[in-house]
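Reading through the structure tokens given below for one structure.
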Amino acid sequence: MSKCAKVEPIVKKVLEEKPYTREDDFTLVYEVFKEFLPNLDELSFQDVMFNHKEYGLPYFESVRRTRPKLQNKYPELLPSKEVQEARKLEESDYRSYALS
């Protein structure tokens with residue numbers, strides 16, 4: 001089973017149970033990390049960043065890429081229309097930047 005396949009059910013659970021995580025990838029990653037590491041709030045940011053492998057945390061990008069996959073499959077997990085539009089603009093800006 002791939003790492004992404006292991007992350008997907010946790011990301012889905014968080015998106016379902018904590019709707020505010022649909023609006024912001026940082027809050028989503030935080031809540032997903034808390035699922036893997038319940039004592040997350042007791043650790044320093046530096047400790048988490050430097051020891052993420054030892055803690056068994058998924059990569060930020062794995063969580064971030066899983067979100068749109070799930071939102072395409074389950075439209076009820078989509079964020080507000082404003083956030084969707086902002087993400088489209090950001091994607092367009094990034095494409096222009098990447099191609100330049």
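What follows draws every value from the coordinates through simple rules; no lab data is involved. Remember, predicted model here, so these are calculated numbers, not experimental data. Heads up, the Cβs are rebuilt from the backbone with ideal geometry, glycines too, and the neighbour counts pull from every protein chain shown.
Could you give the spread of the C-alpha atoms of the stretch 3-99 along their three principal axes, from largest to smallest, in whole angstroms?
36, 32, 23
Among all helices in the chain defined by DSSP H, which have a length of 15 Å or more along the axis from Cα atoms plus a Kyte-Doolittle mean of at least -1.0?
Values: long enough: 3-17 (22 Å, -0.17); 25-36 (16 Å, 0.35); 60-73 (20 Å, -1.72); 81-99 (27 Å, -1.40).
Span-like helices, by this rule, are 3-17, 25-36.
Once fully extended, how much extra length lies between residue 34 and residue 69, figured as 0.36 nm per residue of separation less the alpha-carbon to alpha-carbon distance? Mind showing how you got there, number by number?
Numbers: separation 35, 0.36 × 35 = 12.60 nm, distance 2.11 nm.
My answer for the length gained is 10.5 nm.
Which lysines have a Cα less than 21 Å from the Cα of residue 53, not counting those fewer than 8 places away in the same chain?
Hits, sequence-local ones excluded: 3, 6, 34.
What's the ranking of 20-26, 60-66 by average number of surrounding C-beta atoms within 10 Å, highest first? Kindly include the intermediate steps, with their values, before the conclusion.
Values: 20-26: 15.3, 60-66: 17.0.
By packing density, highest mean first, the sequence is 60-66, 20-26.
Could you name the aspartates and glutamates in cross-link range of residue 88, using Cα to Cα under 15 Å and dropping any fewer than eight places away on the same chain?
By straight Cα distance, residue 88 reaches 23, 24, 25.
For the stretch 27-80, with equal point scatterers placed on the C-alpha atoms only and solvent neglected, what are the log10 I(q)/I(0) values from the Debye formula at q = 0.23 1/Å, to two decimals?
Treating every Cα as an identical point scatterer, log10 I(q)/I(0) equals -0.88.
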